[in-house]
There are 4 protein chains.
Amino acid sequence: MKLTKEQLQEIEDQQSQSNNTKRVTAPELEKILYEAIPILDHGFIRVVDYMGNDSSIVQAARVSYGKGTKKVNTDAGLIKYLMRHWHSTPFEMCEIKYHVKLPIFIARQWIRHRTANVNEYSARYSILDKEFYLPASEHLAAQSQNNRQGRGDVLEGEQAKKVLDSLKNDAERTYGNYEQMLNERYDGTVIDENKIGLARELARMNLTLNTYTQWYWKTDLLNLMNFLRLRADDHAQYEIRAYAEAMLDTLKKWVPITYGAFMDYRVGGTEVSAKGKNIIQKLINGENISIEQSGLSKREWNELMTAFDLKDKLI
Amino acid sequence: MKLTKEQLQEIEDQQSQSNNTKRVTAPELEKILYEAIPILDHGFIRVVDYMGNDSSIVQAARVSYGKGTKKVNTDAGLIKYLMRHWHSTPFEMCEIKYHVKLPIFIARQWIRHRTANVNEYSARYSILDKEFYLPASEHLAAQSQNNRQGRGDVLEGEQAKKVLDSLKNDAERTYGNYEQMLNERYDGTVIDENKIGLARELARMNLTLNTYTQWYWKTDLLNLMNFLRLRADDHAQYEIRAYAEAMLDTLKKWVPITYGAFMDYRVGGTEVSAKGKNIIQKLINGENISIEQSGLSKREWNELMTAFDLKDKLI
Amino acid sequence: MKLTKEQLQEIEDQQSQSNNTKRVTAPELEKILYEAIPILDHGFIRVVDYMGNDSSIVQAARVSYGKGTKKVNTDAGLIKYLMRHWHSTPFEMCEIKYHVKLPIFIARQWIRHRTANVNEYSARYSILDKEFYLPASEHLAAQSQNNRQGRGDVLEGEQAKKVLDSLKNDAERTYGNYEQMLNERYDGTVIDENKIGLARELARMNLTLNTYTQWYWKTDLLNLMNFLRLRADDHAQYEIRAYAEAMLDTLKKWVPITYGAFMDYRVGGTEVSAKGKNIIQKLINGENISIEQSGLSKREWNELMTAFDLKDKLI
Amino acid sequence: MKLTKEQLQEIEDQQSQSNNTKRVTAPELEKILYEAIPILDHGFIRVVDYMGNDSSIVQAARVSYGKGTKKVNTDAGLIKYLMRHWHSTPFEMCEIKYHVKLPIFIARQWIRHRTANVNEYSARYSILDKEFYLPASEHLAAQSQNNRQGRGDVLEGEQAKKVLDSLKNDAERTYGNYEQMLNERYDGTVIDENKIGLARELARMNLTLNTYTQWYWKTDLLNLMNFLRLRADDHAQYEIRAYAEAMLDTLKKWVPITYGAFMDYRVGGTEVSAKGKNIIQKLINGENISIEQSGLSKREWNELMTAFDLKDKLI
């Protein structure tokens, strides 16, 4: 990640602000506010605003349940209770806003989370930066042979080199032609004063999907956790997981109690089907149960045993 | 509006906070943060948190349009442009949270605005306060004779007195029976130590719709404006309009530039249909146009003439 | 449930339609289309329209995963896979619309599900029917002593009679005064020709929360399942559960394969936290684990043991 | 647009269905159901399912307003009234589902409409088709010189040829390298049996933004109209407008009465600000008003005059 002089100045200006407020604050998050946290080769996330903290969740829950919540002595106890029982609306009372720089093919996955507010840099109006994502060699994975959406071993040697060369050359060539079509370079200089360039909204179609874009992305805490649960998961594509993991750190700084409950009940937890419950119960009671009797497919059986780390029961 | 000692103490505690933040603030809104603004006879609104100010809208718009926005010199010019052209997403970058006390029949209208986060006091868990809305005599309007959802003249004399007596007596009697069913009074004292009361989730059904409830209600600035446009309008029921008008004041303190654009383009503006445009154009050009030629119904014609305050053209 | 002559005629007219369509259909659901299924004392649900069936989910999933789904041989296998792995968007491709008659205090719970389309009978425009919910004696439960939102034993004898009398009398009295305020009876007859009644939007506030209202409620299959998961659950209030259970039947007729997967993975399933997984694993491996070592609260421990029906491990 | 044999067969199979239903139908829409309507060079839209018709809107409105709607004699009158007064919820009672093939850079604009259900072909699982959008020469517009997001004159001669060549060559080269990285051609044949290709989720990043993708897209009638209002507008990019215009035709076949009201009040209509109303009123009354007195900027003044086709008043 390389920031321009203007960006560095903007961040410094933002960080040097010191305002007084009667609102609740999140002191650990304040420390990293506006900071650009590097992701991948040219990307970043920055927390640029937030609203509320753990106490806001407790406050909202107590208005809902009224005197009914007095029995739960501690804020942590109440937040854990809410998380466990999917009493989700109090978590909507907090809000966070990120500034994110990310490759377009990742932006396309990300935007499928609809319950968020977004302002993206528009290539109809402005020229995109000359920055493309090129995977580090340890992430240059082969297609998994047994999982349609997964990755297998890392490519090596000549094949790896060829892939990286292609990605680099194609991105540079298409970007170069993008500039030619626009009759304008990424730094704003005109190429041929006697020509008018192609409309920006058209020229952008020549760019490859690893070109970086950026946006402001704002969501509430509940929907942030829904996002992180899916995108910080092992099944998520590495490139979006890299963002999600950095965001998990910001979650911890923002709402540490909620973060703890989230890691225990959601990220670290699992779901068990009605049939699965029956099997677990029998296993605990020392009964033997075969996959045939279980009513599960082989795949489902293995998912269940993996969830409880029962490696000797894998088939 | 009468606040309990505990509520007054809570507000004082909240207002005496003074935290440091690097976030942007809205100084005029800070001045009234947490304050209970009285609405109707027992209701209130309180701004209890917010995120962003006018500058957040500008910041988001500038990320979208990039260098494309440099030509618009001022923040006010940009915000007006966004409002006029329904470039609505930058307005979603600000968020506000209210604590509201309101009669249930108004809460039922309000909740139809779905793009908001809500935590309502739950009568499944706790006993509702003994407070009912009784209209002031100047709001005790008769059914309009020509508008199915409107109000006509104010009721007077004996009829008004009878209505108010009924509302008061019925609310008090049903609330009294609610306490009897619960075997518990609103202040928490048990009525008969030898009995267990009816489940709260059932007893509440005996209350009348003018009983007050309360909630935390959080929304973004765009959806707040959608709410206010409909609910601060003349066609809205007076009781919800009273809330919307107080919220307009908080909008002004929060985002004064946006407030100005909103009043000009939305609240004070009007929409004209294709047929209507044609008529307006002819009128400007000094042509005569009759309602028959216009293609409008009488009702539509009058709505158009009223919108432009052309009283002599009403039919 | 008593339907008016007009309603019966409307249902008969709707049911006697026979249209040709190239759209997919759900034959079992067609059989009960428009039928009023009675709920509580005066309520009902009616399926009045739908879009798609199990095959629509499969079709959408196959477009997403392309050739990647060819390995999953059967539609049932694919739908189960989607359900298990929270690949939820294909379930949004089906839509259903209900006509529901329900007490206002239940409507207030129901409306909190925001991802739905609603048109409710408006008491600003029209007079509400003279119908109130009175619980059957077996549902007249006392407040639970150990669960703030639960029900305990059923009330009996004199106390039960008194509660029912209060509910009935209060509803009738407030409705009678509602008519007086309106100067109009529920059947449309004017009470005093020389008077104009109170505005409907005001008079309605005198009604009790057990008064019935009605609405059209439309949602997609994913959000319907979210609704049913919460509202057909044991922790839901009986009165809304009565609706949810009838809707589960319609789900079965509409999308039988999805219904099966939903019952297995969602309704009959459970969630286990990270700590809970650890405990289950130890129990299966025959290790002893005490609540102290588990890191769980007593309440959480018991919830876990109950989920797996391990009664001898309850504390 | 060239469909594969399999696609043609699928469409024929779907169109030859003839099912009986008690649901309401839209006969004109049934005629084109499943048909692939060509858009741009390789794209299409197909209506693949729908729910409701004009009568569903009327039905929902009449449940809301009850006897209050009896005065509006005709369905058309009621629908026009609803449209004019932004009584928008009855329009949510209809639903439509499209199958769309479109270039990725257009898909990125389209997806910003969040209130819709989407299943997109996933390039994590499957190989994208070898099809790229190349603008017809009459759409190869230069960047507008006075509008940051607009198009100017069409490029001609050598410059046009060069742009088209670049677009074509870059798309073909990057697609070719995509196949090399995958070690698999678009038709599924393996390139080198001794190698495993790069993971699909990575290789896709080498494609250009004019590559075609496809999705199922489902929305309700209200949100469809919001989409069409923005995307069939002159300010929309030509490429998305081409889709929106074809969808307008399907709207007309589906809900002809709503279509008429939509064209009159939304598409053909305009909004006038508070200041604008004042100016229009003065112009009608024959008063002179200068731009200085108006309080409008030059740009805003010209927008107002253009809206009412008052060309002699442009500045």
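The values are calculated or read from the model by the stated rules, or taken from the named source; none is laboratory data. Keep in mind it's a predicted model, so treat the numbers as computed, not measured. Here Cβ is always computed from backbone atoms with ideal geometry, including for glycine, and neighbour counts include all displayed protein chains.
So which helices (runs of 4 or more DSSP H) stay within region D:213-312 end to end and still have 2 or more residues that are within 22 Å of D:VAL48 (Cα to Cα) and free of Cβ contacts under 8 Å to residues at least 24 places away in the same chain?
D:238-254
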Checklist entry - For region B:272-303, how many residues meet the condition of being at pLDDT 95 or above and under 30 Å from B:ALA246 (Cα atoms)? => result 1
Checklist entry - If a residue has to be closer than 17 Å to D:LYS282 by Cβ and facing another protein chain (nearest Cβ under 9 Å) to count, how many in region B:303-315 make the cut? => result 5
Item to check | Any hit, region D:157-171, residues being in contact with a helix residue (DSSP H, G or I) (Cβ under 8 Å, 6 or more places away or on another chain) and more than 25 Å from A:ILE191 (Cα to Cα) | outcome: no
Checklist entry - Can we say D:VAL272 is touching a Ser or Thr at 6+ places or on another chain (Cβ under 7 Å) and more than 23 Å from D:ARG151 (Cα to Cα)? => result yes
Item to check | Top-ranked residue in region C:235-265 [being under 19 Å from B:ARG124 (Cβ atoms) and in contact with a helix residue (DSSP H, G or I) (Cβ under 8 Å, 6 or more places away or on another chain); ranked as surrounded by the most Cβ atoms within 10 Å (Cβ to Cβ)] | outcome: C:TYR243
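Got at least one residue in region D:112-122 being of a type in the set (A, V, I, L, M, F, W, C) and modelled with pLDDT of 95 or more?
yes
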Next on the checklist: Please go through (1) in contact with a helix residue (DSSP H, G or I) (Cβ under 9 Å, 6 or more places away or on another chain); (2) not assigned by TED's automatic domain parsing to the domain that holds C:SER88 for C:GLN145 and return the number of the only condition it doesn't satisfy.
Outcome noted: (1)
Item to check | Tabulated pairs, region C:167-188, first at positive phi and at pLDDT 95 or above, second crowded, with 21+ Cβ neighbours inside 10 Å and not hydrophobic (A, V, I, L, M, F, W, C), C-beta under 8 angstrom, 6+ apart or interchain | outcome: C:ASN183/C:GLY197
Next on the checklist: If I filter region B:270-302 down to residues being farther than 13 Å from D:LYS80 by Cα and of a type in the set (Ser, Thr, Tyr), which single residue comes out as farthest from the other protein chains (Cβ to nearest Cβ)?
Outcome noted: B:SER290
Item to check | Matching residues, region C:161-202, being under 31 Å from the mean Cα position of the chain (by Cα), among the small types (Gly, Ala, Ser) and facing chain B (nearest Cβ under 9 Å) | outcome: C:SER166, C:ALA171
Checklist entry - Restricting attention to region C:9-56, and to residues there that are among the hydrophobic types (A, V, I, L, M, F, W, C) and in a strand (DSSP E or B), which single residue is nearest to the other protein chains (Cβ to nearest Cβ)? => result C:MET51
Checklist entry - Can you tell which of D:ASP234, D:ASP309, D:ASP220, D:ASP249 is of a type in the set (Asp, Glu) and either under 19 Å from B:ILE279 (Cβ atoms) or in contact with a His (Cβ under 7 Å, 6 or more places away or on another chain) (or both)? => result D:ASP309
Checklist entry - Within the bounds of region C:194-202, is there any residue that is in contact with a Pro (Cβ under 9 Å, 6 or more places away or on another chain), crowded, with 23+ Cβ neighbours inside 10 Å and over 20 Å from B:PRO103 (Cβ atoms)? => result no
Next on the checklist: Looking only at residues that are buried (at least 24 other Cβ atoms within 10 Å of the Cβ) and aromatic (Phe, Trp, Tyr) in region D:213-234, which one is nearest to D:SER56 (Cα to Cα)?
Outcome noted: D:TRP217
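Has region B:214-229 got at least one residue that is at pLDDT 95 or above, in contact with a Gly (Cβ under 6 Å, 6 or more places away or on another chain) and either under 30 Å from C:VAL163 (Cβ atoms) or within 10 Å of another protein chain (Cβ to nearest Cβ) (or both)?
No, because not a single residue in region B:214-229 is at pLDDT 95 or above, in contact with a Gly (Cβ under 6 Å, 6 or more places away or on another chain) and either under 30 Å from C:VAL163 (Cβ atoms) or within 10 Å of another protein chain (Cβ to nearest Cβ) (or both).
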Checklist entry - Are any residues in region C:98-128 more than 7 Å from every other protein chain (Cβ to nearest Cβ) and in a strand (DSSP E or B), and if so, which ones? => result C:TYR98, C:HIS99, C:VAL100, C:LYS101, C:LEU102
Next on the checklist: Let me confirm something: among B:ASP192, B:ASP129, which residue is of a type outside the set (Ser, Thr, Tyr) and not assigned by TED's automatic domain parsing to the domain that holds B:HIS42?
Outcome noted: B:ASP192
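Identify all residues within region C:136-168 that are assigned to a helix (DSSP H, G or I) and surrounded by 14 or more Cβ atoms within 10 Å (Cβ to Cβ); write none if there are none.
The answer is C:HIS139, C:GLN159, C:ALA160, C:LYS162, C:VAL163, C:LEU164, C:SER166, C:LEU167.
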